[in-house]
Amino acid sequence: MIERLFGDIVGAANVLTAAQDTQPYLTDWRRQYTGAAECVVRPANTAEVARVVECCAQERIAIVPQGGNTGLSGGSVPIGNGREIVLSLTRLNRIRALDRLNDTLTVEAGCVLANVQRAADEAGRLFPLSLAAEGSCQIGGNLSTNAGGINVLRYGTAREQVLGLEVVLADGRIWDGLRGLRKDNTGYDLKQLFLGAEGTLGIITAAVLRLHPRPSASATAWIALESAGAAVELLSLLHERLGERLSAFELLSRSCVEAVLEFAPGTQDPLRAPHPWYVLAELADSGEERLLRERVEKVLADCAERGDIDDAVLAQSGEQARALWRIRETVPEAQFTNVKHDIAVPVSKSAEFIERAGPRLAARFPDVKIYAFGHVGDGNVHYNIGPERLVAERPAVNRIVYDTVAEFSGSISAEHGLGQLKRDEILRHKPAIELELMRALKRTLDPNNLMNPGKVL
């Protein structure tokens with residue numbers, strides 16, 4: 001029955017029901033959540049998505065939209081309550097249009113992020129959204145979770161890279177908001193409702209993305225520091241001296257580097273001596289690369305002379321720069337099984353959060369090991385807690401971390417979304433009026449609760 005219901009729309013080959021075919025769609029990347037679904041449906045275009053959604057609305061079947069299934073909060077897999085299908089957007093993978101003069105790229109939701117970056121690069125432009133999973137994550141998922149990545153400092157989150165959206169609503173109607181306008185002051189900015197909503201209000205099927213000039217010069221520096229506080233001070237100093245050239249500013253604790261060195265044979269420690277903290281900074285500019293490197297070298301030399309940094313190395317080639325970035329990108333896999341947090345506090349309070357949370361955790365769990373890393377340039381710290389045995393103590397660990405975040409008026413989810421993982425925890429942190437407004441939006445756009453149920457709210 002289910003095969004015929006959707007097979008008439010997408011073709012029988014694109015309705016998966018056998019366990020060996022559906023299993024990869026039913027478990028999240030961290031293998032924390034596994035749900036059940038009646039089938040996996042793989043439409044090829046927006047019209048097919050709309051027909052599938054309309055059919056589900058008539059049959060009261062819930063829909064779990066899924067892209068590359070690289071999410072970290074359980075938002076892209078079914079919860080297994082009632083009738084659910086997984087709607088895979090992988091086949092919606094076309095680059096629809098490129099407007100060089102308007103600096104826009106119109107893409108479908110199933111486009112892999114790396115392919116979007118490549119299309120922009122081939123046009124002499126930059127699409128700046130960049131994250132470790134870019135070879136497999138899809139742009140629809142990036143927009144649905146408002147992904148951040150390494151370039152937020154200069155370019156902003158995924159939300160800020162979008163000018164227009166195409167969305168299939170919960171009743172199967174299509175909202176065509178694919179407008180490449182920088183200015184449109186004609187009422188509510190509806191696209192913002194769906195960006196970061198994790199598929200709970202509608203299904204993003206295409207987007208008009210903002211492109212940027214492609215830098216002709218780059219410099220990558222690995223910088224050693226005595227403390228996380230010194231990193232925050234350095235961020236301010238580099239902004240003063242180098243301005244908007246600073247694209248990325250990633251913080252890593254020594255524990256993260258040691259985890260990578262152990263996990264990935266052949267990885268080299270960038271500096272001869274170990275240091276408590278490191279910053280991986282990326283700078284980009286127009287003009288000659290030699291001039292940018294000279295400018296960065298002078299700033300780092302001045303910092304070292306004043307004692308603002310302990311040591312530093314500047315990549316001398318693209319391969320050296322990629323080797324430095326591989327260390328940062330390998331950190332999540334190198335400490336895969338522990339209690340993970342994706343928090344945000346004001347940039348100025350990042351170090352204070354780290355300094356306050358650590359002793360509190362150590363007082364409760366004497367064998368605690370903390371892996372702190374992330375985009376300290378925008379206040380987003382990935383604060384992971386080991387050893388593995390503490391996974392069983394997750395609620396107690398979370399309470400210490402999240403209560404500390406609350407002291408700084410921070411967020412318990414900076415870029416990974418709420419999904420299933422933090423759906424209940426957010427009730428402790430959101431003001432009642434915010435939750436009331438969110439629920440009102442959900443009821444209005446999805447009155448039958450068929451859009452990714454059990455996530456966010």
How do the pairs read when you match residues in region 318-344 that are closer than 20 Å to Gly379 by Cα with residues anywhere that are of a type in the set (Lys, Arg) and part of a helix (DSSP H, G or I), using Cβ under 7 Å and keeping only pairs 6 or more apart or on different chains?
Val339/Arg394
Looking at region 356-398, which of its residues are closer than 15 Å to Ser253 by Cα and over 25 Å from the mean Cα position of the chain (by Cα)?
Val368
Qualifying position, being buried (at least 22 other Cβ atoms within 10 Å of the Cβ) and in contact with a strand residue (DSSP E or B) (Cβ under 9 Å, 6 or more places away or on another chain), among Ala228, Ala273:
Ala228
For Arg322, the lone unmet condition from (1) farther than 17 Å from Arg245 by Cβ; (2) at pLDDT below 95 is (2)
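Quick one: which residue in Val107, Val53 is over 18 Å from Arg210 (Cβ atoms) and aliphatic (A, V, I, L, M)? Even if it seems obvious, please write down each step before you answer.
Numbers: Val107 fails: over 18 Å from Arg210 (Cβ atoms).
Of the residues listed, the single one that is over 18 Å from Arg210 (Cβ atoms) and aliphatic (A, V, I, L, M) is Val53.
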For region 155-182, what are the residues that are free of Cβ contacts under 8 Å to residues at least 40 places away in the same chain and surrounded by fewer than 22 Cβ atoms within 10 Å (Cβ to Cβ)?
Gly156, Arg159, Trp175, Asp176, Gly177, Arg179, Leu181, Arg182
Please enumerate the residues belonging to region 219-232 that are touching an Asp or Glu at 6+ places or on another chain (Cβ under 7 Å) and assigned to a strand (DSSP E or B).
Thr220, Ala224, Leu225
Exclusive hit being touching a strand residue (DSSP E or B) at 6+ places or on another chain (Cβ under 6 Å), at pLDDT below 95 and not in a loop (DSSP other than H, G, I, E, B), set Leu235, Leu153:
Leu153
Using the structure shown, decide if Ala206 is farther than 23 Å from Glu319 by Cα, modelled with pLDDT of 95 or more and not in a helix (DSSP H, G or I).
yes
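Give me a count of the residues in region 312-338 that are in a strand (DSSP E or B) and either closer than 17 Å to Glu258 by Cβ or not assigned by TED's automatic domain parsing to the domain that holds Glu233 (or both).
Keep residues of region 312-338 that are in a strand (DSSP E or B), which gives 312-314.
So of that shortlist, the ones also either closer than 17 Å to Glu258 by Cβ or not assigned by TED's automatic domain parsing to the domain that holds Glu233 (or both) come out as none.
Counting residues in region 312-338 that are in a strand (DSSP E or B) and either closer than 17 Å to Glu258 by Cβ or not assigned by TED's automatic domain parsing to the domain that holds Glu233 (or both) gives 0.
This table checks each residue for (1) crowded, with 18+ Cβ neighbours inside 10 Å; (2) farther than 23 Å from Cys256 by Cα; (3) in contact with a strand residue (DSSP E or B) (Cβ under 6 Å, 6 or more places away or on another chain).
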site	(1), (2), (3)
Gly374	yes, no, yes
Leu418	yes, yes, no
Asp424	no, yes, no
Ala432	no, yes, no
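Free of Cβ contacts under 8 Å to residues at least 60 places away in the same chain and within 21 Å of Ile150 (Cα to Cα): which single residue out of Glu297, Glu240, Glu250 fits that description?
Working: Glu297 fails: within 21 Å of Ile150 (Cα to Cα); Glu250 fails: free of Cβ contacts under 8 Å to residues at least 60 places away in the same chain.
Unique residue meeting the criteria: Glu240.
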Return the residues of region 372-403 that are over 30 Å from Gly156 (Cβ atoms) and of a type in the set (A, V, I, L, M); say none if nothing qualifies.
Leu390, Val391, Ala392, Ala396, Val397, Ile400
Matching option when the condition is among the polar types (S, T, N, Q) and more than 16 Å from Pro65 (Cα to Cα), among Thr157, Thr205:
Thr157
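Of all the residues that make up region 4-46, how many are in a helix (DSSP H, G or I), hydrophobic (A, V, I, L, M, F, W, C) and free of Cβ contacts under 8 Å to residues at least 40 places away in the same chain? If you could, list the steps in order and put the result at the bottom.
Filtering region 4-46 for residues in a helix (DSSP H, G or I) gives 4-10, 12-14, 19-26, 46.
Right, trim to hydrophobic (A, V, I, L, M, F, W, C) and you get 5-6, 9-10, 12-13, 19, 26.
From the residues that got through so far, the ones that are free of Cβ contacts under 8 Å to residues at least 40 places away in the same chain too are 12-13, 19.
Residues meeting the conditions: 3.
Would you mention how many residues in region 117-141 are farther than 20 Å from Ala217 by Cα, touching a Leu at 6+ places or on another chain (Cβ under 7 Å) and touching a residue at least 60 places away in the same chain (Cβ under 8 Å)?
The first filter runs over region 117-141 and keeps only residues farther than 20 Å from Ala217 by Cα, leaving 131-141.
Now restrict to residues that are touching a Leu at 6+ places or on another chain (Cβ under 7 Å): 134, 137-140.
Applying the additional criterion that residues be touching a residue at least 60 places away in the same chain (Cβ under 8 Å) yields 137-140.
Within region 117-141, residues that are farther than 20 Å from Ala217 by Cα, touching a Leu at 6+ places or on another chain (Cβ under 7 Å) and touching a residue at least 60 places away in the same chain (Cβ under 8 Å) number 4.
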Could you please give the count of residues in region 77-117 that are assigned to a loop (DSSP other than H, G, I, E, B), in contact with a strand residue (DSSP E or B) (Cβ under 7 Å, 6 or more places away or on another chain) and of a type in the set (Gly, Ala, Ser)?
3
What about Ala304, is it assigned by TED's automatic domain parsing to the domain that holds Ser247 and either among the charged types (D, E, K, R) or in contact (Cβ under 8 Å) with a residue 40 or more places away in the chain (or both)?
no
Every residue in region 173-216 that is among the aliphatic types (A, V, I, L, M), in contact with a Gly (Cβ under 6 Å, 6 or more places away or on another chain) and within 15 Å of Gly141 (Cα to Cα), please.
Ile204, Val208
Val339 versus (1) touching a Lys or Arg at 6+ places or on another chain (Cβ under 7 Å); (2) under 21 Å from Ala414 (Cβ atoms); (3) surrounded by fewer than 16 Cβ atoms within 10 Å (Cβ to Cβ); (4) of a type outside the set (Asp, Glu): which is the lone unmet condition?
(3)
How many of the residues in region 156-192 are of a type in the set (Asp, Glu), touching a helix residue (DSSP H, G or I) at 6+ places or on another chain (Cβ under 9 Å) and part of a loop (DSSP other than H, G, I, E, B)?
1
Regarding Gly410, is this residue surrounded by 13 or more Cβ atoms within 10 Å (Cβ to Cβ), modelled with pLDDT under 95 and of a type outside the set (Ser, Thr, Tyr)?
no
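The values are calculated or read from the model by the stated rules, or taken from the named source; none is laboratory data. If you're wondering where the values come from, they're calculated on a predicted model, not measured in any experiment. So basically every Cβ, Gly included, is an ideal-geometry build from the backbone, and we count neighbours across all protein chains shown.
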